[in-house]
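Encoded as structure tokens, the structure appears first; notes follow it.
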Amino acid sequence: MYRVRLWSVRHSRKMEWLYATFNPMVVKLLRGTVKVFGNKLDKPITAVEAAAKGFFFDCKMCGDCALSKTGMSCPMNCPKTIRNGPCGGVRENGHCEVKPEMRCVWVAAWDGASRMKDGDAIKNVNFAVDHRAKGTSSWLKMARDD
Amino acid sequence: MTDRAQFDEAGLNPGDPLPILPGHVSHGRFERVLRAGHFAISTEIAPPDSADPGEVLRRAALFDGHVDAINATDGSGANCHMSSLGVCALLTREGYSPIIQVSCRDRNRIAIQGDLLGAAALGVCSVLCLSGDDVSVGDHPEAKPVFDFDSVSLLQTVKTLRDESRFLSGRKLDLPPQLFMGASINPFAPPYANRVDQFAKKVAAGAEFVQSQYCFDIEMAREFMARARDLGLLEHCHVLMGVGVLASAKTAKWLKGAIPGVHIPDQIIRRLEQAEKPKAEGRAIAVELMQQLAEIKGMSGIHLMAYKQEEWVGDIVARSGVLQGRKPWAPSHLHHSKQTANA
Ligand code: SF4
């Protein structure tokens, strides 16, 4: 939801804290789950992630979550899906050139990052997403990666 | 070797590549001018709605001897025209220094990497990496937007091809494309405070020159350059600030309203409104802006955008005096020196 998404960016510091606290727990829990159930529970886990992150961030399930590096503003809501934004077309009021009724996702991102402890992560260059990962869970990816 | 000799160098065929000088990455003249520390001018060619090669060359000839590089736009404003690769291929044959604009809107990573190799094979030496305007603003709003890359990952891709001599997939290239890498900046749109950070990301991704959106606000340009200098960005990257030629107050208002990201202060619009000859006033404004920008410490050049007023580019450049008497290389210059040599 757009309004909640804006709220999440405004409270990026709190969201970052929540993320830093709960993410390792979730990943740890999932690591155990994956060991026991293999990929049998992938579908419901992915659905939970999509619902939770969808509610707070309008998450598009790109499969390569960047939220902690983008001021808690999901870059996949940018109409050009820019991962290192913003583009040059931001309107004078900070809104998007393509969707004038929407705050530019990257204006929000830099704003959100300025409130975060590790906000400087936004300054790192992000490479393009792997389109095969679309619709898959970033949590499960983290649980399986290490 | 004197500068003169460096720039006069050309093979039998004006489109032949020049040797890559030490510390340079490309075969091109544009990089040579910038790295030699000269103040440079680039401009934009409007690609025709036509398959006529003559039209491209006629449009380019207007810039002869006035500019160091010509940007070939890639469906700018998401409108369809002759492709930037096609325009560039025609221009390199004549010996011009085109900058191929590559936008991420229409092609995915397979197409773009192939085009970059093709461009380099056709003698293109400079590339400008852009995200591109959205399809919704152009004349084919029903088209599918691609945006597989953004401008920054496109820069990383050019760098991978050039410096690691491989595709993103890892597959090796027999000969890498020697492209001088550029990107765009817009210090005049929000988030103002982070625009220099965004510039820093482009430099980190490999940008060796940048061209900006229209600058009509000298104070903002000064501030941006001061911050870029403090971050040490100007040691790695040449900045060419964008200057536009406004035809009337009406065009100015239209640009300001219809093209997001274009910032035109009211006093400029007032000047055009009050002028007896608005077109001449628009050119005078461009000349003044160029002179003021050239005085900013660390500025490497001007990107002059004179859409539909291309025939005035020579006059504006000459009146600004920013080239300090230097005459950029042009194919006509080569024909001329060959004739004198034969005489
Ligand atoms: S203005 Fe912002 S949200 Fe809109 S396309 Fe540009 S970067 Fe994306």
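What follows draws every value from the coordinates through simple rules; no lab data is involved. It should be emphasised that the depicted structure is a prediction, and the values quoted were computed from it without experimental measurement. As a convention, Cβ positions derive from the backbone with ideal geometry for all residues, glycine included, and neighbour counts pool all protein chains shown.
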Handout entry: Separation of alpha-carbon centers, region B:81-121 and region B:295-334, rounded to whole Å
Key = 23 Å
Handout entry: Computed helical MRE - 222 nm, chain A, DSSP H runs ≥ 4 contributing -39500 (n - 2.57), nearest 500
Key = -15500 deg cm²/dmol
Practice task
Kindly provide the GluC sites (Glu not before Pro) of region A:25-102 that DSSP labels as loop, not H, G, I, E or B, and whose Cβ sees at most 13 other Cβ atoms within 10 Å.
Solution key: A:GLU92, A:GLU101
Practice task
Pop out the ³J(HN,Hα) list for region B:250-264 in order, Karplus 6.51 cos²θ - 1.76 cosθ + 1.60 with θ = phi - 60°, rounded to Hz; leave Gly and Pro as x.
Solution key: 5, 4, 4, 5, 5, 4, 4, x, 8, 9, x, x, 9, 10, 10
Practice task
For chain B, with a Gaussian network of springs between Cα atoms less than 10 Å apart, report the residue from B:LEU240, B:LEU85, B:LEU231 with the top mean-square fluctuation.
Solution key: B:LEU231
Exercise for the section: Name the shape class, rounded, prolate or oblate, that the alpha-carbon gyration tensor gives for region A:2-145, where a ≥ b ≥ c are the square roots of its eigenvalues, rounded holds for a/c under 1.5, and otherwise prolate holds if a/b is larger than b/c and oblate otherwise. Expected result: prolate
Fill in the blank from the handout: Residues meeting the amide H criterion for B:LEU304 (H placed from the backbone, H to H distance under 5 Å, 5 or more places apart or on another chain) are B:SER42, B:THR43, B:VAL243
Exercise for the section: Please get the size of the charge dipole for the protein assembly as shown, origin at its Cα centre, with Cβ charges of +1 on Lys and Arg and -1 on Asp and Glu, quoted in debye to the nearest 20. Expected result: 1760 debye
Problem - For region A:106-146 versus region B:41-71, the gap between their alpha-carbon centres in whole angstrom - result: 42 Å
Practice task
Take chain B, connect every pair of alpha-carbon atoms lying under 10 Å apart with a spring to form a Gaussian network, then pick out the residue of B:ARG58, B:ARG271, B:ARG105 with the largest mean-square fluctuation.
Solution key: B:ARG58
Practice task
Anything over 31 Å Cα to Cα? Flag those among A:LYS141/B:LYS202; A:LYS117/A:LYS141; A:LYS80/B:LYS297; A:LYS117/B:LYS297; A:LYS99/B:LYS201; A:LYS28/B:LYS172, in the order listed.
Solution key: A:LYS80/B:LYS297; A:LYS117/B:LYS297; A:LYS28/B:LYS172
Handout entry: Rounded if a/c under 1.5, otherwise prolate or oblate - region B:33-172, Cα gyration tensor axes
Key = oblate
Problem - Burial ordering of A:ARG132, B:ARG162, fewest other beta-carbon atoms within 10 Å first - result: A:ARG132, B:ARG162
Handout entry: Fluctuation leader among B:ALA286, B:ALA193, B:ALA228 - chain B, Gaussian network, Cα springs under 10 angstrom
Key = B:ALA193
Handout entry: Residue-span extension gain [A:ARG91 to A:LEU18] - 0.36 nm each, minus C-alpha spacing
Key = 23.1 nm
Fill in the blank from the handout: Looks like region B:4-321, by Cα gyration tensor root eigenvalues a ≥ b ≥ c and the a/c under 1.5 rounded cutoff (else prolate when a/b is bigger than b/c, oblate otherwise), is rounded
Practice task
Report, in whole Å, the centroid distance computed from the Cα atoms of region A:32-76 and region B:190-246.
Solution key: 36 Å
Handout entry: Structure-based [θ]222 nm, chain B - -39500 (n - 2.57) summed over DSSP H runs of at least 4, per residue, nearest 500
Key = -12000 deg cm²/dmol
Fill in the blank from the handout: Cβ density ranking, 10 Å radius, fewest first, applied to B:VAL317, A:VAL34 yields A:VAL34, B:VAL317
Completion exercise
Quick note on A:THR46, B:THR157, ordering by fewest other C-beta atoms within 10 Å, gives A:THR46, B:THR157
